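Peer 1: Have a look at this one.
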């Protein structure tokens, strides 16, 4: 039977031989496997905090949505929050991108945040307003648009595989509680 010191030494040797296990090494592995268009920092809505999508969704499928606070589709926030709650433990990462490309986003970020987080109960990350269409679209939407379809309005939904491929695109009128939408999420998570 090994003593405590011998067991500790054996554990340390095994850890050393198996390679680096530091957070930096793990982050490096994630960065290598993350598509370049997701390896981008975005500022969160009404916050000084930024988030890198590779770190947020490392190796996980994502649901990416272009959002707006003053749109007829804004009530979809509640359905998207329900999707987030239902699938987050199975690995789906939901991310919203506020945008004023269709002149529907509040000019005041505090008001946008109130509508999003307080009025609609959103807990998934929503990025500060950015361009999602045309030549000025952010890197994420440039790639999503290239792979599928540029948003024609707010609340377009993109289901993205863990390796950055658009698995399915849904226009604004497909609601988060629709059978078709949830069936595609289930396929993505298998």
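Peer 1: Could you check residue 97 against (1) part of a loop (DSSP other than H, G, I, E, B); (2) touching a strand residue (DSSP E or B) at 6+ places or on another chain (Cβ under 7 Å); (3) on the phi < 0 side of the Ramachandran plot and say which number it fails?
Peer 2: Condition (1) is where residue 97 drops out.
To keep it simple, each residue is scored yes or no on (1) modelled with pLDDT of 95 or more; (2) more than 19 Å from the chain's Cα centre (by Cα); (3) within 18 Å of residue 170 (Cβ to Cβ); (4) assigned by TED's automatic domain parsing to the domain that holds residue 158.
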residue: 96; (1), (2), (3), (4): yes, no, yes, yes
residue: 103; (1), (2), (3), (4): yes, yes, no, yes
residue: 113; (1), (2), (3), (4): yes, no, no, yes
residue: 117; (1), (2), (3), (4): yes, no, no, yes
residue: 142; (1), (2), (3), (4): yes, no, no, yes
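Peer 1: Taking residue 129 as the residue in question, decide whether it is touching a helix residue (DSSP H, G or I) at 6+ places or on another chain (Cβ under 6 Å) and surrounded by 14 or more Cβ atoms within 10 Å (Cβ to Cβ). Before you say what the answer is, go through the steps one by one.
Peer 2: Details: touching a helix residue (DSSP H, G or I) at 6+ places or on another chain (Cβ under 6 Å): no; surrounded by 14 or more Cβ atoms within 10 Å (Cβ to Cβ): yes.
Criteria not met by residue 129.
Peer 1: If you go through the stretch 70-92 one residue at a time, do you hit one that is in contact (Cβ under 8 Å) with a residue 24 or more places away in the chain, touching a helix residue (DSSP H, G or I) at 6+ places or on another chain (Cβ under 6 Å) and not in a helix (DSSP H, G or I)?
Peer 2: no
Peer 1: I'd like to check something: does the stretch 149-156 contain any residue that is on the phi > 0 side of the Ramachandran plot, part of a loop (DSSP other than H, G, I, E, B) and in contact (Cβ under 8 Å) with a residue 12 or more places away in the chain?
Peer 2: yes
Peer 1: Taking the stretch 57-85, which residues are at pLDDT below 95 and under 11 Å from the mean Cα position of the chain (by Cα)?
Peer 2: Across the stretch 57-85, the qualifying residues are 57, 58.
Peer 1: Okay, next question. So residue 112 fits all but one of (1) touching a residue at least 60 places away in the same chain (Cβ under 8 Å); (2) under 22 Å from residue 164 (Cβ atoms); (3) buried (at least 16 other Cβ atoms within 10 Å of the Cβ); what number is the exception?
Peer 2: Failed condition: (2).
The values are calculated or read from the model by the stated rules, or taken from the named source; none is laboratory data. All figures in this text were calculated on a predicted structure; none of them were measured in a lab. Note that we place each Cβ from the backbone using ideal geometry, even for glycine, and neighbour counts take in every protein chain shown.
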